[in-house]
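Colleague: Sharing a structure here in structure tokens format.
The values are calculated or read from the model by the stated rules, or taken from the named source; none is laboratory data. Nothing here was measured: the structure is a model prediction, and the numbers come from that model. Here Cβ is always computed from backbone atoms with ideal geometry, including for glycine, and neighbour counts include all displayed protein chains.
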Amino acid sequence: MPEKASSSTGKIARSAGTVSGAVMCSRVLGLIREQVFAHLFGAGYAYDAFVVAFRIPNLLRDLFGEGALSAAFVTVFSDYDTNKGSAATWQLASNVLVFLSLLLSLLVLVGMLLAEPIVRLLAPDFAAVLGKTELTAVMTQIMFPFLLLVALAAAVMGMLNTKGKFFVPAMSSSFFNLGSIIGGVSLAWLLPKFGQEAIIGMAWGTLLGGLLQLLVQLPALRQTGFRFLPHLDLRDPGLRRILWLMLPATVGLSATQINVFVNTNFAASCQEGSVSWLNYAFRLVQLPIGVFGVAFSIAAMPVLARHAAQKDLVGLRQTFSSSLVMVFSLTIPATVGLILLAGPIIRLIFEHGAFTAKDTAFTAQALICYAYGLFAYSAVKIMVPVFYALNDTKYPVISSFLAVAVNILFITLTIDRLSFQAIALATSCSMVLNFLFLGFILYRKLAGFSLKHLGKGTLKILLASTVMAGSLIGLQRLLLPLLAGKILFQLVGVTVLIASTALLYATTLHFLRLPEFEEITGKIGQRLRKK
């Protein structure tokens, strides 16, 4: 393959840029939501209970929301849209929505009935603190219907993305955060007047946010020509194909959920606050994962699916390789920034109200451990849709179980010495293994992709990141009085550090002539000249 960016790079970059802007808005609101939690509840009893309660429907959300369903649905929906026409495509969409609604409503009811036994299984050590298990179970019951809402929202998002509509679906999660913040804070203020825990109000706010995430996408879906035709046909070949694609992915994601279960169980056994510190840190690392990994995955998925539907293996290879380089060019410097600025960033965002300096120190330690796996986590978001496009999902399943084994082994060997840090570091190690395994398999399945192109691009990115790291260390020492000062001074210091070193990184990459970077900057230049 020639040493140039894929012809799809510009298209994917434009779509990813649209998605990134919307995801950035959502992630910023998500951080504000976490700030609210940190200010009101700190790290400990109430927030530990909320995290575990929300994690239970989230175990299934990864499957029916942003995981297997989303990728399988986009693959089949793209095929129908390309080869079978509008009527068959919308009929399939209606059938999938009805099927999901019935199946998930049943799961929600079962989950609500079994909330307390599930909490005792997931976090048995909560029983040692009076009322903690019961509080977690109540919030689990409140938030379980979130699963149904977010799964329907994910299906609608898949339809809109296939039709080239990226902004509204990506913005929908901002409405989730708005609902969570406004509704949650209002109810957290109101419920104690009726003898209930304030944190329960945040649980109701989460449910309200899930409803808004679905509703805000419906007008855009109607504009694409969709008309809901209520019917259920279990023999529909499109539905069966989606379920068939989901089946191995379900097994694979069950491995991921085992990881979540193991990590939550271990974290609950550490000192009180560990669940909170890990969750705050993971929320921060989710910002670059969402803005870069998820955005490029969403933008690339329909392109990859169309290449596969048209049997265009060359286009598939080039699109995958260029997408991977673009993700590396954003996540590797983000990793460097998070590692070097973990303390100042967490102090600025969270150290207010009930969130103490001790919480900042421990959350920073967890963030550094999570950051090591950022590039791999984001890259896997690009890799898995390629397997779906090729109608082969068994390898992500195998990889997931390998990652589970590494995760459990690593935590077991290190938790006595590293405590909660072992959990974050194990997550990073298992994601790197996942990335290496899937990369090796894809190289064989795609009959090779240009390792030379990928290697040269990665070396340029590493060199630019090294230059950025050196300048960041020097500037951080220079701005230490600001970073240790009041919140306004901290904001100025962190902003100067991030903006100046990001500009230096981009300038270095420009002089190193990374093809994907030149393609993106060229498109931006064309747009500016037109204006």
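Colleague: Looking at (1) under 25 Å from W277 (Cβ atoms); (2) under 19 Å from the mean Cα position of the chain (by Cα), which is the only condition P396 fails?
Modeller: In the conditions (1) under 25 Å from W277 (Cβ atoms); (2) under 19 Å from the mean Cα position of the chain (by Cα), P396 misses (1) alone.
Colleague: Go through the residues of the range 158-173 one by one and say whether even a single one is touching a Cys at 6+ places or on another chain (Cβ under 7 Å), of a type outside the set (F, W, Y) and in contact (Cβ under 8 Å) with a residue 40 or more places away in the chain. Break it down stepwise before answering.
Modeller: Within the range 158-173, the first condition is being touching a Cys at 6+ places or on another chain (Cβ under 7 Å), and the residues that meet it are 171.
Retained after the next criterion (residues that are of a type outside the set (F, W, Y)): 171.
Next, from what is left, pick out any that are in contact (Cβ under 8 Å) with a residue 40 or more places away in the chain: 171.
Checking the range 158-173: at least one residue is touching a Cys at 6+ places or on another chain (Cβ under 7 Å), of a type outside the set (F, W, Y) and in contact (Cβ under 8 Å) with a residue 40 or more places away in the chain.
Colleague: Restricting attention to the range 138-154, which residues are farther than 16 Å from F176 by Cα and surrounded by 23 or more Cβ atoms within 10 Å (Cβ to Cβ)?
Modeller: Matches in the range 138-154: M139, T140.
Colleague: Could you please give the count of residues in the range 225-242 that are under 30 Å from D392 (Cα atoms) and more than 23 Å from the chain's Cα centre (by Cα)?
Modeller: Taking the range 225-242 and keeping what is under 30 Å from D392 (Cα atoms), we get 226, 231-242.
Cutting the leftovers down to more than 23 Å from the chain's Cα centre (by Cα) gives us 226, 231-241.
Residues that pass the stated criteria total 12.
Colleague: Here's a follow-up. May I ask you to list pairs of residues, at least six apart or on different chains, whose Cβ atoms are under 6 Å apart, with the first in the range 80-96 being more than 16 Å from L232 (Cβ to Cβ) and touching a residue at least 40 places away in the same chain (Cβ under 8 Å) and the second being of a type in the set (V, I, T) and part of a helix (DSSP H, G or I)?
Modeller: Y80/T89; D81/T89; D81/T162
Colleague: Look through the range 121-156, keep the residues that are charged (D, E, K, R) and modelled with pLDDT under 90, and return whichever of them is farthest from F226 (Cα to Cα). Give the derivation first.
Modeller: Within the range 121-156, the first condition is being charged (D, E, K, R), and the residues that meet it are 125, 132, 134.
Applying the additional criterion that residues be modelled with pLDDT under 90 yields 125, 132.
On the way: D125: 49, K132: 46 Å.
Filtering the range 121-156 for residues that are charged (D, E, K, R) and modelled with pLDDT under 90, the one farthest from F226 (Cα to Cα) comes out as D125.
Colleague: How about the range 343-363: which of its residues are hydrophobic (A, V, I, L, M, F, W, C) and either free of Cβ contacts under 8 Å to residues at least 24 places away in the same chain or more than 20 Å from I498 (Cβ to Cβ) (or both)?
Modeller: Narrowing the range 343-363 to residues hydrophobic (A, V, I, L, M, F, W, C): 345-346, 348-350, 354-355, 357, 361-362.
Listed by number, the residues that qualify are A354, F355, A357, A361, F362.
Colleague: Further question: Taking only the range 233-242 into account, find how many residues are under 16 Å from A155 (Cα atoms) and in contact (Cβ under 8 Å) with a residue 24 or more places away in the chain.
Modeller: Restricting attention to the range 233-242, the residues satisfying the condition of being under 16 Å from A155 (Cα atoms) are 238-242.
Applying the additional criterion that residues be in contact (Cβ under 8 Å) with a residue 24 or more places away in the chain yields 238-239, 241-242.
Final tally of qualifying residues: 4.
Colleague: Report, by residue number, each residue of the range 376-399 that is of a type in the set (S, T, N, Q) and buried (at least 23 other Cβ atoms within 10 Å of the Cβ).
Modeller: Residues of the range 376-399 of a type in the set (S, T, N, Q): 378, 391, 393, 399.
S378, T393, S399, listed by residue number.
Colleague: Could you tell me whether any residue of the range 419-430 is among the small types (G, A, S), in contact with a Leu (Cβ under 8 Å, 6 or more places away or on another chain), surrounded by 23 or more Cβ atoms within 10 Å (Cβ to Cβ) and at pLDDT below 85?
Modeller: No, the conditions are met nowhere in the range 419-430.
Colleague: Could you please let me know if R444 is without any contact (Cβ under 8 Å) to a residue 24 or more places away in the chain, more than 28 Å from F266 (Cβ to Cβ) and not in a loop (DSSP other than H, G, I, E, B)? Before you say what the answer is, go through the steps one by one.
Modeller: On the way: without any contact (Cβ under 8 Å) to a residue 24 or more places away in the chain: yes; more than 28 Å from F266 (Cβ to Cβ): yes; not in a loop (DSSP other than H, G, I, E, B): yes.
So R444 fits the description; yes.
Conditions (1) at pLDDT 80 or above; (2) out of contact with any His (no Cβ under 8 Å at 6 or more places or on another chain); (3) within 23 Å of M326 (Cα to Cα); (4) assigned to a helix (DSSP H, G or I), marked per residue:
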| site | (1), (2), (3), (4) |
| --- | --- |
| T360 | yes, yes, no, yes |
| P385 | no, yes, yes, yes |
| Y388 | no, yes, yes, yes |
| L433 | yes, yes, yes, yes |
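Colleague: Check off (1) surrounded by fewer than 21 Cβ atoms within 10 Å (Cβ to Cβ); (2) assigned to a loop (DSSP other than H, G, I, E, B) for F355 and give me the number that stays unchecked.
Modeller: (1)
Colleague: Sticking with this one: Does the range 378-398 include one or more residues that are out of contact with any Phe, Trp or Tyr (no Cβ under 7 Å at 6 or more places or on another chain), closer than 28 Å to Q271 by Cα and in the same structural domain as L313 (by TED's automatic domain parsing)?
Modeller: no
Colleague: Let me ask something else. Looking at the structure I just gave you, is P192 in contact with a Leu (Cβ under 9 Å, 6 or more places away or on another chain) and either assigned by TED's automatic domain parsing to the domain that holds N58 or charged (D, E, K, R) (or both)?
Modeller: Numbers: in contact with a Leu (Cβ under 9 Å, 6 or more places away or on another chain): no; either assigned by TED's automatic domain parsing to the domain that holds N58 or charged (D, E, K, R) (or both): yes.
Here the answer is no, as P192 does not meet what is asked.
Colleague: Inside the range 77-125, can you point out the residues that are basic (K, R) and part of a helix (DSSP H, G or I)? Even if it seems obvious, please write down each step before you answer.
Modeller: Going through the range 77-125, the residues basic (K, R) turn out to be 84, 120.
The answer is R120, and nothing else.
Colleague: Say whether the condition of being free of Cβ contacts under 8 Å to residues at least 60 places away in the same chain, in a helix (DSSP H, G or I) and of a type outside the set (D, E) is met by at least one residue in the range 133-141.
Modeller: Within the range 133-141, one or more residues are free of Cβ contacts under 8 Å to residues at least 60 places away in the same chain, in a helix (DSSP H, G or I) and of a type outside the set (D, E).
Colleague: Also, I was wondering about something else. What about A305, is it among the small types (G, A, S), in a helix (DSSP H, G or I), at pLDDT 85 or above and closer than 30 Å to G457 by Cα?
Modeller: Details: among the small types (G, A, S): yes; in a helix (DSSP H, G or I): yes; at pLDDT 85 or above: no; closer than 30 Å to G457 by Cα: yes.
In short, no.
Colleague: Among the residues of the range 128-147, are any touching a Lys or Arg at 6+ places or on another chain (Cβ under 6 Å) and of a type in the set (F, W, Y)?
Modeller: No, the range 128-147 contains no residue that is touching a Lys or Arg at 6+ places or on another chain (Cβ under 6 Å) and of a type in the set (F, W, Y).
Colleague: Of everything in the range 392-418 that's charged (D, E, K, R) and part of a helix (DSSP H, G or I), which residue is modelled with the lowest pLDDT?
Modeller: Step one: filter the range 392-418 for residues charged (D, E, K, R), giving 392, 394, 416-417.
When the remaining residues are screened for being part of a helix (DSSP H, G or I), the result is 394, 416-417.
Working: K394: 79, D416: 87, R417: 89.
Among residues in the range 392-418 that are charged (D, E, K, R) and part of a helix (DSSP H, G or I), the one modelled with the lowest pLDDT is K394.
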